[in-house]
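Undergrad: Please read through the structure below; I'll follow up with questions.
The values are calculated or read from the model by the stated rules, or taken from the named source; none is laboratory data. Quick caveat: nothing in here was measured; it's all calculated off a predicted structure. Here the Cβ positions follow ideal geometry from the backbone for every residue, glycine too, while neighbour counts run over all protein chains shown. Ligands, DNA and RNA are excluded from the accessible area calculation, which covers all protein heavy atoms including side chains. Shrake-Rupley method; radii C 1.70, N 1.55, O 1.52, S 1.80 Å.
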Amino acid sequence: MLFAVLTPLLPRFADEFGLSKGQAGVLVAAYAAGALVGGLPGGVAAARMGAQRAVLVGLSLMCLASLGFAFADGFWTLFAARFLQGCGSAFTWAGSFAWLLAAAPRNRRGELIGSALGAAVFGAFFGPVLGAAAAIVGREAVFVALALLALVLAGWTLQLEPLSPEHPSTAAIARALHNRLFLAGLGLMMLPAFLFGVVSVLGPLRLSHAGWGAAAIGVVWLVGAGVESVLSPVVGRVSDRRGRTFPVRISLALGVIVSLGLAAGPRPLFYVPLITAGAAVYGVLFTPAFALIADGAEREGLPHGMAFGLMNAAWATGALVGPAAGGMIASATGDVVPFLVSAMLCAAALTALRLRHPTAAVLVDPLPDDSAGIGHE
């Protein structure tokens with residue numbers, strides 16, 4: 001939610017602080033920079049301190065960042081608060097998903113990851129609604145309320161049964177980084193983060209230029225949230241039954257089409273449905289990516305907390321490069337080139353998936369229910 005809350009506020013900040021598209025991209029990317037810096041520490045904390053404590057650290061940082069965002073009065077203050085938001089997210093994601101998988105039956109892993117991602121993606125797309133509210137009633141009220149929400153969630157976290165800490169070995173990390181399932185998951189995590197990053201900068205600025213206000217832009221992202229939150233559990237069930245790459249191939253093919261459509265820069269009547277379609281097409285990639293990371297980590301005996309710490313670093317790399325590079329390239333050349341690059345990346349990933357037959361064969365067959373602990377055996 002906090003990742004996307006900036007979307008409808010971005011045109012207002014651009015006017016208020018005189019930001020270029022490049023600076024706007026840097027501001028969006030600051031969240032990912034924080035997640036990149038916090039990725040490995042978050043994974044280590046989730047593994048060694050336990051998932052509950054990692055989540056509590058993340059919620060504490062969320063509280064502080066929300067207060068900073070509420071009272072920021074310039075670009076660098078906003079950048080610092082945004083960076084802290086991302087760093088906190090690295091701890092909460094590593095801890096919460098390790099917690100989830102500890103409770104998930106093996107044969108329903110994809111479905112439950114999809115359900116959790118549906119909630120997460122809905123939050124990401126509900127963020128612009130909060131951003132629109134902040135534009136209407138004021139940043140202070142909305143972000144102070146979010147700081148209080150972080151405290152409420154921390155209290156709830158303390159009521160849940162904690163997981164026992166684990167101690168990941170360097171050897172397990174090295175094995176995971178040579179595991180094809182794990183590496184494929186990291187790559188699939190990075191790609192949609194890049195794609196969303198480009199859209200999250202250029203989309204609202206284009207709609208604002210066409211005369212759309214913060215509330216209308218927020219509604220566009222909310223509709224996308226509804227579509228993606230419904231699709232994620234479905235994709236999870238499909239990946240459990242048909243293999244991890246089946247939904248990936250479809251998503252990448254449609255991603256090429258959607259990205260080319262956005263590059264054409266149509267009027268809002270066509271541009272808005274493309275953004276909504278992009279939310280579904282790009283977001284579908286996250287669910288099999290999570291499942292592949294979990295499967296690969298399990299094969300190599302890597303604790304899930306540490307695995308999702310590495311996942312955060314992969315996501316953050318894409319989410320950092322996407323908005324920053326997309327904004328800077330758009331400032332220099334216009335919006336066409338960043339979306340063409342997005343289409344090319346989708347096409348390249350689809351081609352690599354089709355050409356690498358040994359890897360594809362591994363990814364197509366879901367792991368058997370009793371595959372837990374293969375890495376240890």
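Undergrad: Take the residues in region 150-162 that are in a helix (DSSP H, G or I) and either touching a residue at least 60 places away in the same chain (Cβ under 8 Å) or open to solvent by less than 20 Å² (accessible area, probe 1.4 Å) (or both), then tell me which one is farthest from Ala134 (Cα to Cα). I'd like the intermediate steps shown before the answer.
TA: Taking region 150-162 first, the residues in a helix (DSSP H, G or I) are 150-159.
When the remaining residues are screened for being either touching a residue at least 60 places away in the same chain (Cβ under 8 Å) or open to solvent by less than 20 Å² (accessible area, probe 1.4 Å) (or both), the result is 150-151, 153-154, 157-158.
Numbers: Ala150: 17, Leu151: 20, Leu153: 21, Ala154: 23, Thr157: 27, Leu158: 30 Å.
Filtering first and then ranking leaves Leu158.
Undergrad: Among the residues that make up region 165-180, is at least one of them open to solvent by 50 Å² or more (accessible area, probe 1.4 Å), assigned to a helix (DSSP H, G or I) and touching a residue at least 40 places away in the same chain (Cβ under 8 Å)? Before you say what the answer is, go through the steps one by one.
TA: First, pick out the residues of region 165-180 that are open to solvent by 50 Å² or more (accessible area, probe 1.4 Å): 165-167, 169-171, 175, 177-178, 180.
Subsequent filtering for residues that are assigned to a helix (DSSP H, G or I) retains 170-171, 175, 180.
From what is left, the residues that are touching a residue at least 40 places away in the same chain (Cβ under 8 Å) are 175, 180.
The answer is yes, given that some residue of region 165-180 is open to solvent by 50 Å² or more (accessible area, probe 1.4 Å), assigned to a helix (DSSP H, G or I) and touching a residue at least 40 places away in the same chain (Cβ under 8 Å).
Undergrad: Kindly list the number of the only condition in (1) among the small types (Gly, Ala, Ser); (2) open to solvent by 10 Å² or more (accessible area, probe 1.4 Å); (3) not in a helix (DSSP H, G or I) that fails for Ala72.
TA: For Ala72, the failing item is (2).
Undergrad: Could you identify the single residue in Ala30, Ala46, Ala14 that is over 17 Å from the mean Cα position of the chain (by Cα), crowded, with 23+ Cβ neighbours inside 10 Å and part of a helix (DSSP H, G or I)?
TA: Values: Ala30 fails: over 17 Å from the mean Cα position of the chain (by Cα); Ala14 fails: crowded, with 23+ Cβ neighbours inside 10 Å.
After ruling out the rest, the residue left standing is Ala46.
Undergrad: Turning to a different aspect of this structure: Of the residues Ser96, Ser89, Ser115, Ser60, which single one is within 30 Å of Arg206 (Cβ to Cβ) and either touching a Cys at 6+ places or on another chain (Cβ under 7 Å) or hydroxyl-bearing (Ser, Thr, Tyr) (or both)?
TA: On the way: Ser96 fails: within 30 Å of Arg206 (Cβ to Cβ); Ser115 fails: within 30 Å of Arg206 (Cβ to Cβ); Ser60 fails: within 30 Å of Arg206 (Cβ to Cβ).
Just one listed residue meets the conditions, Ser89.
Undergrad: A further question follows. Could you list all residues from region 224-282 that are within 27 Å of Pro204 (Cβ to Cβ), at pLDDT 85 or above and either open to solvent by 30 Å² or more (accessible area, probe 1.4 Å) or not in a helix (DSSP H, G or I) (or both)?
TA: Answer for region 224-282, where residues must be within 27 Å of Pro204 (Cβ to Cβ), at pLDDT 85 or above and either open to solvent by 30 Å² or more (accessible area, probe 1.4 Å) or not in a helix (DSSP H, G or I) (or both): Ala253, Leu254, Val256, Ile257, Leu260, Ala264, Phe270, Pro273, Leu274, Ala277.
Undergrad: Kindly indicate which of Val219, Val248, Val235 is closer than 18 Å to Leu274 by Cα and not hydroxyl-bearing (Ser, Thr, Tyr).
TA: Being closer than 18 Å to Leu274 by Cα and not hydroxyl-bearing (Ser, Thr, Tyr) holds for just one of Val219, Val248, Val235, which is Val219.
Undergrad: Exactly one condition in (1) at pLDDT below 90; (2) of a type in the set (Val, Ile, Thr); (3) surrounded by 24 or more Cβ atoms within 10 Å (Cβ to Cβ) is false for Val55; which is it?
TA: With (1) at pLDDT below 90; (2) of a type in the set (Val, Ile, Thr); (3) surrounded by 24 or more Cβ atoms within 10 Å (Cβ to Cβ) applied to Val55, the lone miss is (1).
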